Structures are given as structure tokens and as C-alpha cells.
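This report refers to the structure that appears directly beneath it.
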Amino acid sequence: MPKEMLPIVDKPLIQYAFEEAHRAGIEQFIFVTGRNKDAIENHFDLSYELDQTLSEKQKISALASTSEWLPPTGSIVYLRQRAPLGLGHAVWCARDVVGDEPFAVILADDLIDAPTPCLSQMIAAHAEIPNANMAAVMNVAREKTSSYGILETNERQKQLVKALGLVEKPSPEKAPSTTAVIGRYILQPSIFDVLENQAGGAGGEIQLTDALSSMLPTTDFYGFEFEGKRYDCGEVPGFLEANIALALARNDFSASVRSKLTALLEEA
Ligand code: G1P
């Protein structure tokens, strides 16, 4: 089971990422996947047998939920990263499909719940700095810096934080700040040439953070302090937290979830 297909309440993580991009006005979607991730492709396709059954049973709203959100055919491209060589390598795999224009990257396991989708907030802010690279950032506890790309920074303008340097997964002692990159990026296509020749970095992987850092002399990098709550669904506690928080926010069953949780806490 690809982790992107794990459900948060009643939709897989990857669908949250897709919906965020779609609401932000993205029209072409590129999924960089690997072997055994066919479930993702199938999720973004019609489910004939299921639709037939739902239609026979007159389950109209369930029927709508299986496909009415699908993007037009031809707007999704799937690419395989043959070996897990890092995030920078995964992005580089999309070079020919992206072509020569700025593009956005979403890491589906960073789920961001926000009234205005995080990527929409970023696209609006990026209009002020159209030639720069940008990523969502948030403050993290110092003991967590070794899980993130960390900015070296001292300039702030509203929600924009200009980077003097970037370092991937520094130890808490070496981290230049606690401003951490979260999985949303708006990138310039010139990054592909940098990634092409990029050596392995932290964990031996080709790191996007290293490419962004080496571009700094010619291309500014800004962190964007988004409004919204981020859940780290790549870790079990964050995944469970997202499920509980989003279930509690649902009008249709929050009362029942709340009473079950209260009962569980009393028993624990
Ligand atoms: C990736 C990036 C890292 C970033 C993080 C956000 O790391 O390499 O810079 O801070 O996503 O979630 P990963 O979590 O894939 O190890």
C-alpha cells in the first residue's frame, strides 16, 4: 500500500494534495511515483464496477464522490523514479514534462489544513517575488531540525523570510535556525540544470534543499510562513492526529467521534 493512499478520515492523502493543487489553479498534475504505486493511478481513474453498483443501488451522492472531482483526461502524467535517490532526484525526473516554466511541488505526507489552501497562499505571495524559489516554512522545536531543510535567515517581510543559506537535516547543535521547510514549493525551471549535476547530500540522497542552496547566488529563496495547521502524516502520531482533527471538524459525525474519544480517554 503506497503511504500516499492511506486515508485521512475518508480520502487518501494523495487526494488532499491533488485537491489543494486543483483549488490553487494548477491544471497539469505530475505524479512522481515508484514501483508498486499503481493504486495511485487507479485512484485517479474511473471505477466502472463500483459506479455500476452504486448506480443500481441509487446511491447518488456516493456515486458523485467516486469521480466528479476527477480532472479532465490528459491532465495527469505519471512518472516512475526507478530508485529512491532523494527528493531532488524525484523532482528532476519531471524535467521534460514541466518544461521551461515555474512549477509547484507538493509532498503529500505534509497535510496542511487551511481555509485558503497553502499553495494558493503561496502563489499569491510569489507574485511579489516572481523570479525566486519559494517553500512553505514553519517554526519547529530545535530537537527536530534533523528532520527538515532549515533556513539560515535574518530578514523577514510579513510572511516572507529571505534565506541567506539552506541546509538539509542539520543536527540541533548545527542548525542555523528553527525555521523549517514544509512540503510545498514553487520552483524556477532553472533548478533542473542544477539537479542534473547535483552530488548526493544528507543520507546520500540528491537533496532539493542542496540545489536551492547552490542557486542562491543567482536565484533568491524565500520561506513563506503559511496560515494553517500542518500534520506530519509521514509519522504515525501525526497521521493519527490528522485523522482525529479532521474527523472532529466534520459536521456529519464530529459529535459521535468526540463521544467515542472521550470514552476511550476515560478508559485509558
Ligand atoms: C523533505 C525535504 C526536507 C523538508 C521535508 C518537509 O524531507 O528533504 O527539506 O523539510 O521534506 O516535510 P523528508 O521528509 O522527505 O525526509
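The values are calculated or read from the model by the stated rules, or taken from the named source; none is laboratory data. Not measured: the values here are computed from a predicted model. Ideal geometry is used to build each Cβ from the backbone, glycine not excepted, and the neighbour counts take in all protein chains shown. When the accessible area is computed, the model is the full protein with side chains, heavy atoms only, and any ligands, DNA or RNA have been set aside. Shrake-Rupley method; radii C 1.70, N 1.55, O 1.52, S 1.80 Å.
When the range 188-247 is filtered for residues that are open to solvent by 40 Å² or more (accessible area, probe 1.4 Å), closer than 25 Å to residue 111 by Cα and either at pLDDT below 95 or assigned to a loop (DSSP other than H, G, I, E, B) (or both), the ones remaining, listed by number, are 203, 205, 227, 228, 234, 235. Residue-level check: of (1) under 20 Å from residue 123 (Cβ atoms); (2) of a type outside the set (Val, Ile, Thr); (3) surrounded by 13 or more Cβ atoms within 10 Å (Cβ to Cβ), residue 43 misses just (1). Just one of the listed residues (158, 144, 174) is more than 17 Å from the chain's Cα centre (by Cα), open to solvent by 10 Å² or more (accessible area, probe 1.4 Å), at positive phi and free of Cβ contacts under 8 Å to residues at least 40 places away in the same chain, and it is 158. I'd like to check something: does the range 27-38 contain any residue that is out of contact with any Leu (no Cβ under 6 Å at 6 or more places or on another chain), hydroxyl-bearing (Ser, Thr, Tyr) and closer than 18 Å to residue 233 by Cα? Yes, the range 27-38 has at least one match.
Scanning the range 2-23 for residues that are open to solvent by less than 20 Å² (accessible area, probe 1.4 Å) and not in a helix (DSSP H, G or I), we see that the one that is nearest to residue 112 (Cα to Cα) is 8.
The single condition among (1) in a loop (DSSP other than H, G, I, E, B); (2) away from the ligand (no atom under 16 Å from the Cβ) that residue 63 does not meet is (1). In the range 122-135, the residue that is farthest from residue 112 (Cα to Cα) out of those that are more than 9 Å from the ligand (Cβ to nearest atom) and not in a helix (DSSP H, G or I) is 131. Within the range 161-176, the set of residues being of a type in the set (Gly, Ala, Ser), away from the ligand (no atom under 13 Å from the Cβ) and not in a strand (DSSP E or B) comprises just one member, 171.
Residues satisfying the criterion are present in the range 85-97 (criterion: open to solvent by 70 Å² or more (accessible area, probe 1.4 Å), within 16 Å of the ligand (Cβ to nearest atom) and not polar (S, T, N, Q)).
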